[in-house]
Amino acid sequence: MSNKEIVKYFYEKVVSQNLINEVFKFVSNDCEVKVGEQSFHIGVDGMKQHLIDVKKTYPDYTMKIIRQYCDGDYVISEFVMEGTHEGEWLGMKPTNKKLTFTGVDIDKIVDGKIVEHGGAVNTFDTLFEENIIKPS
């Protein structure tokens, strides 16, 4: 598989279908999450826990990759994520609304596995549009 195909399969199949036991096939034990210029080690176990936690809030969420770009080892993926808000998150009670988020992930692939992950999601926009959060 190409780097684009690895990333697309990881998000559309492993993540979307909650195949937690397959995360190790796509994520390196050395995996770091990039937040701006900072890096945080998460490895396979950290990625699994992140996916488990997201599924607690949006049990049916899925990701669809709209388009991708490659630059060397980096794959930039624009995505749409949909899921029903059934769990509490950051103090927000479940609304049972089907929510749609858009975002961009940037993943670095080395030897067929994600070694770096970062990106952004339009969380605020979606929650505001759905009247889940309101300005004071």
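Taking all protein chains into account, the per residue accessible area for segment 3-130 stands at 56 Å² (1.4 Å probe). Within the full protein context, the accessible area of Tyr9 is estimated at about 90 Å² for a probe radius of 1.4 Å. Bridging of Lys64 to lysines at a Cα separation below 25 Å is possible for Lys4, Lys8, Lys13, Lys25, Lys34, Lys48, Lys55, Lys56, Lys97, Lys98, Lys108, Lys113, once same-chain residues fewer than 8 apart are set aside. Cα centroids of segment 103-120 and segment 28-43: 10 Å apart. Put simply, the chain fits an ellipsoid with semi-axes of 26, 16, 15 Å; these come from the alpha carbon gyration tensor as the roots of five times its eigenvalues, largest first.
The values are calculated or read from the model by the stated rules, or taken from the named source; none is laboratory data. Computed from a predicted structure; not experimentally measured. The protein model used for the area step is the full one, side chains on, heavy atoms only, and it has no ligands, DNA or RNA in it. Shrake-Rupley method; radii C 1.70, N 1.55, O 1.52, S 1.80 Å.
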